[in-house]
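These notes concern the structure reproduced below.
The values are calculated or read from the model by the stated rules, or taken from the named source; none is laboratory data. Here the structure is a predicted model, which is why all the values come from computation and not from measurement. Don't worry about glycine lacking a Cβ; one is built from the backbone with ideal geometry, like all the others, and counts go over all protein chains shown. Heads up: the accessible areas ignore ligands, DNA and RNA and are worked out on the full protein's heavy atoms, side chains in. Shrake-Rupley method; radii C 1.70, N 1.55, O 1.52, S 1.80 Å.
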Amino acid sequence: DTALDCARIRADFSILSQEVNGRALVYLDNAATTQMPEFVLDAIVAHYHADNANVHRGIHTLSERSTAKLEAAREAVRRFLNAASADEIVFTSGTTASVNMVARAWEARLAPGSCVIVTALEHHANFVPWQQACARSGAEFFVCPLAGTGDVDLGALEARLAKGGVSMVCVAHVSNVLGCVVPVDVVARLAHAHGAAVLVDAAQSVRHERVDVREIDCDFLCFSGHKVLGPTGIGVLYGKKELLGRMEPAWYGGEMVAQVATALTTFEEPPLRFEPGTPNYVGAIGLAAALEYLEGLGRDAVAAREADLVAYAEERLRGVAGVQVVGAPARRAGCVSFTVEGAQPFDVAMLMDKLGVAVRSGSQCAQPLLDETLGISKVVRVSPAFYNTHAEIDACIEALERVVPLVSRGR
Ligand code: PMP
């Protein structure tokens, strides 16, 4: 049995045991940010208490300890992603920074006649950097449409690849609105067959899907620490060694250089080339603790529990009169979005908060998906994590059933 001990787990997340507006907090906004277990908070505080010093710099004991822990964190991320080498792991401030770094560097390869493909379900973080790089370079920006269920239309993807000129395919592993799992290994195979590279936005997948960069065979993969039980301000860019090795840095400064002279500066090899200045080493240490905690629970057990909770949430939401669930993907992970007939999603979320239930409302940073594909502009999103319970989903539904009559037009 891989079942998790929910009571024990919840004891690890003290933030969950509080009242909001006089009600027990029901935190169902995990797709935006997950909470940190005490194990991670302790690792961060312990570092500041005992080992803190700038990394890679002075040859003194504390600096050596900081550096060793940063590099151990890099190795922990390598293991987590099953990357071939720790040199393929670049620490950034988050998914957004990781994508921008690649898009900036990739722009040198783009020109009129070349093409970047994104999909219609991308978060703005994996959409706008590519759109802007294409606008500056004159490359085509192709948005791959979705099939009716809300899954990426692989036929349309292959058709555009076959026309030629595609340099890069950028795709989310899991949509932060539809919750669909995109078969990124299939996308990578198609892209490579047509000579294109692949960047996977794994921000919404790393917590509930097993992300193996060698199995997927992606060229780049990005994620954020704060969506996988880690702190904010730390993220990861995975890149295949030969690609990172040929990439220009996006930012310059200390630590990323080999030799600096007035006439010429040479750069370090990756990953240091892409980590100018003082890196967020404490963030990296916190992220490594988060990954260790997840591994300790068992990633398959976490994935199974989250799949069960999200399926239960979807089933219950479909039973609420006046609620429409958005999309019916072949496989769902992480979240369910919905609308309420005649109501503004913001009003729904605001009133649910009054009942202690934290859900997200808005465009979820996916305006092209909501405006152009779905035509609904805003949604409410429920996103459970393994530390949530069925009773909390029930409490969410009860709150929603109270809110719907208050906000629906024509009541
Ligand atoms: N991509 C997806 C799919 C996301 O859900 C998010 C966060 N909402 C991001 C990218 C951006 O992540 P961050 O804000 O941590 O850079």
**Study point:** Mean Cβ count within 10 Å, highest first, over the residues of peptides 282-294, 369-381, 241-253
**Key:** 282-294, 369-381, 241-253
Check your understanding: In whole percent, what relative contact order does segment 31-148 give with Cα contacts below 8 Å and a gap of six or more residues?
Key -> 16 percent
Review point. Could you give the nm distance between label points at THR33 and ILE59, where each point is 7 Å from its Cα heading toward the beta carbon?
Key: 4.1 nm
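Pairs of Cα atoms under 8 Å, at least six residues apart: use those to get the relative contact order of the chain, whole percent. Can you show the working numbers first?
On the way: 846 pairs, mean separation 91.9, N = 411.
Here the relative contact order equals 22 percent.
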Point to revise | Whichever lysines have a C-alpha closer than 22 Å to that of LYS240, once near sequence neighbours (fewer than 8 apart) are set aside | key: none
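Rounded to two decimals, what is the ratio between the C-alpha radius of gyration of segment 270-332 and 2.2 N^0.38 Å?
Numbers: Rg = 19.2 Å, N = 63, 2.2 N^0.38 = 10.6 Å.
My calculation over the Cα atoms of segment 270-332 gives 1.81.
Rule-of-thumb check for segment 175-249: C-alpha Rg over 2.2 N^0.38 Å?
Working: Rg = 13.1 Å, N = 75, 2.2 N^0.38 = 11.3 Å.
Taking N as the residue count of segment 175-249, the ratio is 1.15.
Where only protein heavy atoms count, and the probe is 1.4 Å, what is the accessible area per residue for segment 82-190 in Å²?
So segment 82-190 comes to 32 Å² accessible per residue, rounded to a whole number.
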Review point. Within segment 36-72, whose backbone N sits under 11 Å from a point 7 Å along Cα→Cβ of ARG79?
Key: 72
Study note, to complete from the structure: Percent of all Cα-Cα pairs per 10 Å bin for segment 20-146, counting from 0 up to the last occupied bin, reads 10, 24, 28, 22, 14, 2
Review point. Among 255-267, 26-38, 207-219, what's the highest-first ranking by average C-beta atoms within 10 angstrom per residue?
Key: 26-38, 207-219, 255-267
Study note, to complete from the structure: With the dipole of segment 1-81 defined by +1 on each Lys or Arg Cβ and -1 on each Asp or Glu Cβ, the option from ASN54, ALA76, PHE39 whose Cα lies farthest towards the positive pole is ASN54
Revision key, fill the gap. Segment 92-167: spread of alpha-carbon positions along the three principal axes, whole Å, largest first, is 34, 29, 15
Exercise for review: For LYS378, go through the lysines and keep the ones whose alpha-carbon is under 21 Å away, minus same-chain ones fewer than eight residues off.
Suggested key: LYS354
Practice item. Starting from the Cα gyration tensor of the chain, take the square roots of the eigenvalues, sort them a ≥ b ≥ c, and report rounded, prolate or oblate (rounded when a/c is under 1.5, otherwise prolate if a/b is larger than b/c, else oblate). Key: oblate
Revision key, fill the gap. Sorted by chain and number, the residues with a modelled amide H under 5 Å from that of VAL198, at a separation of 5 or more or across chains, are VAL169, ASP219, PHE220
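With the full set of protein chains in place, find how many percent of the accessible area of segment 296-411 is carbon and sulfur; take the probe as 1.4 Å.
On the way: 2370 of 4790 Å².
Solvent-exposed carbon and sulfur of segment 296-411 make up 50 percent of the total.
Using +1 on the beta carbon of Lys and Arg, -1 on that of Asp and Glu, and nothing else charged, what's the dipole of the chain about the Cα centre, debye to 20? The partial results should precede the final answer.
Details: 36 positive and 48 negative charges, 126 e Å.
Here the size comes out at about 600 debye.
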Exercise for review: At 7 Å along the Cα-to-beta-carbon direction for both GLU71 and ALA304, put a label point, then send me their distance in nm to one decimal.
Suggested key: 3.9 nm
Check your understanding: Using alpha-carbon positions, what is the distance between the centroids of segment 1-51 and segment 231-292, in Å?
Key -> 30 Å
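Per residue, how large is the accessible surface of segment 361-411? Use a 1.4 angstrom probe and give square angstrom.
On the way: 2180 Å² over 51 residues.
It amounts to 43 Å² per residue over segment 361-411.
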Review point. Can you tell me the Rg and Dmax of segment 156-295, counting just the alpha carbons, in angstroms?
Key: 17.2, 52
Check your understanding: What relative contact order, as a whole-number percentage, does segment 4-69 give when Cα pairs under 8 Å and 6 or more residues apart are counted?
Key -> 20 percent
Practice item. Using the Karplus curve 6.51 cos²θ - 1.76 cosθ + 1.60 with θ = phi - 60°, work out ³J(HN,Hα) for each residue of segment 85-91 in order, rounded to whole Hz, and write x for Gly and Pro. Key: 8, 5, 5, 8, 10, 9, 8
Practice item. Take the solvent-accessible surface of the protein heavy atoms, probe 1.4 Å, and return the percent of it on segment 191-241 that carbon and sulfur atoms account for. Key: 44 percent
**Study point:** Calculated from backbone phi, Karplus (6.51, -1.76, 1.60) coupling profile of segment 52-68 in Hz, x at Gly/Pro
**Key:** 5, 6, 5, 8, 6, 9, x, 8, 9, 4, 5, 5, 5, 5, 4, 5, 4
